[in-house]
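Worksheet: the structure to be examined is printed underneath.
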Amino acid sequence: MKVQGIIFTVNEIPRKLYVLKSGKVREMKKSGPVILEAGDYIAVSEYLLEIPLSGDISAIEESEIEEVSLSEEFENILRKLINLRKENTEKNFSLEDFIVDDENLDNVIEHMETLLSLSVGELPDDEETALHLIENIDDSKLITKVNYLKNFIKKFPDSKSGAELILDTAKKVYSTIGDRYITKLLCKKILLHYSDNLQICHDALNLLALVYKEEGNIMWIFYSDIAKYVGVMQNENN
């Protein structure tokens, strides 16, 4: 629909999710005004967290907005938020020019991941069938696959299967989405649940070391040293 002027008012809690199709929309944030352009979601953090707006949101020129379904936009919104989290770790980066306030970013992502976990549905009771279902999720829906894997680990805590799939997914998350948080989470789940699989643990430790080193976190030395130790154990077992 075409709009110009006020879309949401200060202290209002947005009850609908809109995406900007054309034109320009201004959000008044605590840090100052933010200009949204085509493809941006309007008041996304306030909508997801169900919190009042800190300022008015208005179309500053004739604009077209479209109401969208959260269930259909899960992946797109979460990818955008993940990219923000990635960029927020870089030097001299500020979120002031972006849609989501710095203080809300992690809360929004956590909320989105919780909603997405609930939306993926129940896994089959048969372990092999569950694995087959996860393996066949397209790589364009990596976040969905991650949440299914989380559910798999909860449902089959004693499973010896799935280690390679979790590691493969961690590598794809790191290389395609670039989300270090999810990459580290999956690698640590491997170490926790598949500690007897030295090869998989060795690869997971090396990936952890790589991610921490990229972040400039000294923990990379810790994981690198453990990876070397596990490598020695592998050679001794062989």
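The values are calculated or read from the model by the stated rules, or taken from the named source; none is laboratory data. Quick caveat, the model's predicted, so the values are computed rather than measured. Cβ coordinates were reconstructed from backbone atoms using ideal geometry, including for glycine residues, and neighbour counts include every protein chain displayed. Note: accessible area is taken over every heavy atom of the protein model, side chains too, but ligands, DNA and RNA are not part of it. Shrake-Rupley method; radii C 1.70, N 1.55, O 1.52, S 1.80 Å.
Numerical summary
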| item | result |
| --- | --- |
| Residue selected from segment 127-147 under the condition more than 11 Å from the chain's Cα centre (by Cα), open to solvent by less than 80 Å² (accessible area, probe 1.4 Å) and not aliphatic (A, V, I, L, M), by the criterion modelled with the lowest pLDDT | S140 |
| Residue count, segment 40-53 (criterion: open to solvent by 30 Å² or more (accessible area, probe 1.4 Å) and either closer than 27 Å to T144 by Cα or touching a strand residue (DSSP E or B) at 6+ places or on another chain (Cβ under 6 Å) (or both)) | 5 |
| Every residue from segment 189-213 that is open to solvent by 50 Å² or more (accessible area, probe 1.4 Å) and either farther than 26 Å from S140 by Cα or at pLDDT below 90 (or both) | K189, L192, H193, S195, D196, N197, Q199, K213 |
| Residue within segment 153-160 that is over 30 Å from E72 (Cβ atoms), open to solvent by 50 Å² or more (accessible area, probe 1.4 Å) and polar (S, T, N, Q) present | no |
| Flag if Y229 is in a helix (DSSP H, G or I), over 26 Å from the mean Cα position of the chain (by Cα) and either touching a residue at least 40 places away in the same chain (Cβ under 8 Å) or at negative phi (or both) | yes |
| Every residue from segment 141-200 that is within 28 Å of Y229 (Cα to Cα) and outside any helix (DSSP H, G or I) | P157, D158, S159, K160, S161, G162, G178, D179, Y194, S195, D196, N197 |
| Test: residue in segment 166-178 that is surrounded by 17 or more Cβ atoms within 10 Å (Cβ to Cβ) and touching a His at 6+ places or on another chain (Cβ under 9 Å) | yes |
| Unique residue being in contact with a strand residue (DSSP E or B) (Cβ under 6 Å, 6 or more places away or on another chain) and open to solvent by 40 Å² or more (accessible area, probe 1.4 Å) when the list is I35, I13 | I35 |
| Answer from A209, A130 - the residue that is farther than 24 Å from S71 by Cα, among the small types (G, A, S) and out of contact with any strand residue (DSSP E or B) (no Cβ under 7 Å at 6 or more places or on another chain) | A209 |
| Residue in segment 180-192 that is of a type in the set (F, W, Y), in contact (Cβ under 8 Å) with a residue 24 or more places away in the chain and within 25 Å of H132 (Cβ to Cβ) present | no |
